[in-house]
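Input: a single structure, listed below in structure tokens.
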Amino acid sequence: MQKDTYKHQGLRRQLVDEIMEMGIKNEQVLNAILTIPRHFFMDSAFSQHAYQNKAFSIGEGQTISQPYTVAYQTQLLNLEENKEKDTIKILEIGTGSGYQTAILAEICKNKSAQITSIEFHQNLYLKAKQTLENISKYSDNFDFQSIGLVCGDGSKGYFKNALYDKILVTAATPNSIQSFKEWFEQLNIGGQIIVPVGNRKNQIMCRYTKKDEKTIQQETFEGFRFVPLLGERGF
Ligand code: SAH
């Protein structure tokens, strides 16, 4: 197990400053980036680069997302809304390293949250599970009990734990209604999906809000580049 040193903590502070300069304002998101040791989610060979604002390979042709991207998607989730509601159910599609999942758990630690994260590749699923367990053992500061990891195809969501208040997709999603059918069905009224939509190369970050059973409102944001969504509804 790697250690979380003062040097790492200092580098995280610099990373947070960089992300703030790029326009991320949400305090909860910035605090979570400051708290969660990103280097624990990466191969030790890359750990000295963990606090650069870059994506890195995690095996299986996949990447741990750039910290700015993680912060951007998390900010769009509006996790601080619904204060009167005491539970929140989140589905993340694309666990990868588990870093984004840990950020969600950190932000939701003071409320009753159920975070389901689904990963297509078994190797990555097993590795993320191990990483989150190791970090929980490393320090009592980290509480990942709200997280449930699943290995499977999230392109059709994860029906078993639905309905969700938020669905966060961390892979590029094709712009066809087919990809969204099950996700919309698995969303509560008022619930939201944050998803990069486009082709394999370029996507636009979108936020969909389910107004009622038949009405979905779409908002569009910046352009990004994610690895493609796999599985039945993927590329
Ligand atoms: N959130 C991750 C980013 C991972 S990159 C992190 O912070 O590290 C996208 C991930 O989505 C990859 O691990 C990929 O294997 C996974 N993925 C792609 N298609 C999927 C699908 N249909 N179901 C579940 N996971 C999928």
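The values are calculated or read from the model by the stated rules, or taken from the named source; none is laboratory data. For clarity, every value in this text was computed on a predicted model and none was experimentally measured. Cβ atoms come from the backbone with ideal geometry, glycine included; neighbour counts cover every protein chain shown. Note: areas computed on protein heavy atoms with side chains; ligands, DNA, RNA excluded. Shrake-Rupley method; radii C 1.70, N 1.55, O 1.52, S 1.80 Å.
Data overview
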quantity	calculated
Pairwise FRET efficiency - residue 85 versus residue 25, Cβ, R0 = 25 Å, nearest 0.05	0.60
Two-site FRET efficiency, residue 178 against residue 211, from Cβ-Cβ distance with R₀ of 22 Å, rounded to 0.05	0.55
Computed E for residue 109/residue 232 - FRET, C-beta separation, R0 25 angstrom, nearest 0.05	0.15
Fraction of antiparallel bridges per DSSP, the range 6-224 only, in percent to nearest 5	45
Overall form of the range 6-224 per C-alpha gyration tensor (a/c, 1.5; a/b vs b/c)	rounded
Net charge dipole size for the chain [Lys, Arg +1 and Asp, Glu -1 on Cβ; Debye, nearest 20]	280
Accessible-area composition of the chain, carbon plus sulfur, in percent [1.4 Å probe]	48
Helix-only CD estimate at 222 nm, as mean residue ellipticity for the chain, using -39500 (n - 2.57) per DSSP H run (n ≥ 4)	-9000 deg cm²/dmol
Most mobile listed residue (215, 63, 131) in the chain, GNM with C-alpha springs under 10 Å	215
Radius 11 Å from Cβ of residue 34, net charge of other residues (Lys, Arg +1; Asp, Glu -1)	0
Highest to lowest packing among 217-228, 165-176, 198-209, scored as the average C-beta count within 10 Å	165-176, 198-209, 217-228
Rounded if a/c under 1.5, otherwise prolate or oblate - the range 81-146, Cα gyration tensor axes	oblate
Counted charge near residue 181, where neighbours are those whose Cβ lies closer than 12 Å (Asp, Glu -1; Lys, Arg +1)	-1
For the chain, with +1 on Lys and Arg beta carbons and -1 on Asp and Glu, the positive-most of 40, 59, 142 along the dipole	59
Neighbourhood charge, 14 Å Cβ-Cβ cut-off, centred on residue 128 and excluding it, Lys, Arg +1 and Asp, Glu -1	-2
For the chain: accessible area per residue (Å², 1.4 Å)	48
